[in-house]
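First the structure, in the form of structure tokens, and then the observations on it.
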Amino acid sequence: MTNYAQDYKNKLRTPDDAVKIVKTGDLVCYSQFAMTPPALDEALARRAGDLSDVTVKGVCPLFEPQVATAGTDSFTYFSCFFSPIDRRLAERGLCYYSPNNYGWTPVHAQRKYSKPANVMMVMTTPMDEHGFFNFGTSCSDIRVLCDMADLIIIEVNDQAPWALGGEQESIHISKVDYIVEHSAPLPTIPSEVPASEADKKIAAMLIEEIEDGACLQFGIGGMPGVIGKLIANSDLKNLGIHSEMMADCFIDLFEKGIVTGANKNIDKYKMTYTFAMGSQRLYDFIDKNPACAIYPVDKTNSPERIALNDKQIAINNGVEIDLWGQVSSESSGFKHISGTGGQLDFTLGAEKSKDGKAFICMSSTKGIGEKRVSRIVPWLSPGTAVTVPRSAVTNVATEYGIANIAGKPTYERAKMLIGIAHPDFRDELIAAAAKQKIWRRTNKIL
């Protein structure tokens with residue numbers, strides 16, 4: 001420890017001194033989600049006017065990155081998954097989106113599909129006695145990006161949890177160029193997102209689809225909390241967790257003995273994830289907890305690896321679906337909402353799993369101002385991104401039922417989707433199906 005302590009002292013800088021290594025034209029990559037580094041971000045923003053043409057990459061930050069608003073002549077900021085903060089910045093022309101399939105990002109970095117970072121800025125835990133810093137709640141592709149980067153600055157936060165992992169969850173001091181220190185609680189999101197009546201009805205249907213020994217993945221949104229409560233009050237047993245996101249709802253299931261991981265074929269007895277985002281209770285729970293295993297995202301989100309666990313259940317939210325079965329979960333027209341994430345990864349993985357099931361969930365309608373519109377639409381409007389192609393969609397759930405459109409011809413899947421649309425829009429959708437010539441063999445529309 002003595003040598004490591006001296007190395008630490010030699011590399012320790014103030015944030016303002018550390019960011020002096022950034023040059024005009026550089027690409028700077030931040031660590032992600034709750035581990036976005038605030039002190040380094042603020043210090044870099046203070047160099048506005050000094051620098052030009054610096055690109056900064058983030059992923060779903062839970063605070064507003066100062067570089068985004070510091071000056072567009074100095075910094076261009078983009079995000080690989082929009083948080084609500086990124087979304088508001090984008091509406092002001094201060095944030096751009098980088099489309100990516102989450103599970104592919106480490107491979108893309110290794111193949112240099114995009115420019116390697118000139119400077120990585122990564123929040124970590126304090127160093128252990130062996131000289132390692134842990135990436136805390138965000139493993140994702142951070143180690144690969146560090147391996148590809150020219151320079152690495154870490155922001156040590158003594159309030160970050162140490163996430164025990166499967167691999168690539170830490171970095172050694174010998175690989176680090178500069179160290180800064182900044183102590184602050186990690187940003188949180190509410191442990192329970194308010195659930196609509198539609199969410200509650202969908203959750204009640206989904207709980208009937210989960211069997212003893214199933215392995216769960218939940219996406220972001222209100223649905224996990226609702227389903228989690230139903231599972232907590234059920235007699236289900238020996239559930240497992242293999243998810244990209246570790247959520248608050250898993251804690252109660254573990255503490256009640258419902259989640260054990262005993263039936264998992266890989267990572268047995270472990271709750272597997274690649275990032276955690278939630279309450280302080282969640283961050284405290286994962287700290288040095290051997291029941292949890294954080295992995296890089298190409299491991300958690302590999303469809304082949306997901307499928308190794310039997311009865312994998314993937315539950316994710318959609319924004320809208322058209323009558324052909326194309327799902328968008330990230331945009332509505334030219335308005336970008338979130339990102340591709342790992343929805344396609346887990347849809348494919350769950351369907352490859354023995355007795356697995358994948359669900360895309362959405363309320364049948366949404367509000368736009370004072371107007372209500374259908375989420376099941378005749379066709380996706382221009383600018384809308386397809387997150388899950390029609391060839392990969394299986395179960396679609398609204399408060400009016402679950403439609404398994406996999407393997408169905410176009411006219412039958414359109415009929416099934418109209419059957420779970422809000423009744424007020426069904427006639428309109430039937431007319432739209434006729435306009436698009438979605439025919440039965442008898443030439444009768446639906």
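Each reported figure results from applying straightforward, stated rules to the coordinates on display, with no laboratory input. Nothing here was measured: the structure is a model prediction, and the numbers come from that model. We place every Cβ from the backbone using ideal geometry, glycine too, and count neighbours over all the protein chains shown.
3J(HN,Hα) along the range 166-177, derived from phi through the Karplus expression 6.51 cos²θ - 1.76 cosθ + 1.60 where θ = phi - 60°, amounts to x, 5, 6, 9, 9, 9, 8, 4, 5, 8, 9, 8 Hz, with x in place of Gly and Pro. In this structure the amide hydrogen of residue 361, modeled in the peptide plane, comes within under 5 Å of the amide hydrogens of 316, 317, 318, 397, none closer than 5 places in sequence on its chain.
Compute the Kirkwood hydrodynamic radius of the range 294-353, taking the inverse of the mean of 1/r over all pairs of distinct Cα atoms, and give it in Å to one decimal. Averaging 1/r across every pair of different Cα atoms and inverting gives 12.6 Å.
Peptides 43-54, 126-137, ordered by how many other C-beta atoms sit within 10 Å of their residues on average, highest first, read 126-137, 43-54.
Sites listed here are trypsin sites (Lys or Arg not before Pro) in the range 94-166 whose DSSP assignment is loop and whose Cβ has at most 11 other Cβ atoms within 10 Å: 111, 112. In units of the rule-of-thumb radius 2.2 N^0.38 Å, the chain shows an alpha carbon radius of gyration of 1.02. Near the amide H of residue 246, within less than 5 Å, lie the amide hydrogens of 274, 275, 276, 277, all on another chain or at least 5 residues away, with H placed in the peptide plane. In the range 197-435, Cα pairs under 8 Å separated by at least six residues give a relative contact order of 17 percent.
Shown in residue order for the range 88-93 are the 3J(HN,Hα) couplings computed by the Karplus curve 6.51 cos²θ - 1.76 cosθ + 1.60 at θ = phi - 60°: 5, 5, 4, 5, 9, x Hz (x for Gly and Pro). Set the Cα radius of gyration of the range 208-331 against 2.2 N^0.38 Å, with N its number of residues, and you get 1.05.
Over all distinct Cα-Cα pairs of the range 197-435, the Kirkwood formula returns a hydrodynamic radius of 18.2 Å.
The gain in end-to-end length when the residue 130 to residue 21 segment is fully stretched comes to 36.5 nm, 0.36 nm per residue minus the alpha carbon separation.
Once backbone amide H atoms are built at 1.01 Å from N, residue 377 has 321, 322, 323 as its partners under 5 Å, excluding neighbours fewer than 5 places away on the same chain. For the residue pairs 268/354; 20/112; 237/299, the alpha carbons lie more than 21 Å apart in 20/112; 237/299.
Placing pseudo-labels 7 Å out from each Cα toward the beta carbon at residue 354 and residue 381 gives an inter-label distance of 4.6 nm. Annotation for the range 1-55 versus the range 71-107: alpha-carbon center distance of 19 Å. Using the Cβ-Cβ distance between residue 111 and residue 52 with R0 set to 35 Å, the FRET efficiency works out to roughly 0.75. Globularity index of the range 2-181 is 0.97 (Cα radius of gyration / 2.2 N^0.38 Å, N = number of residues).
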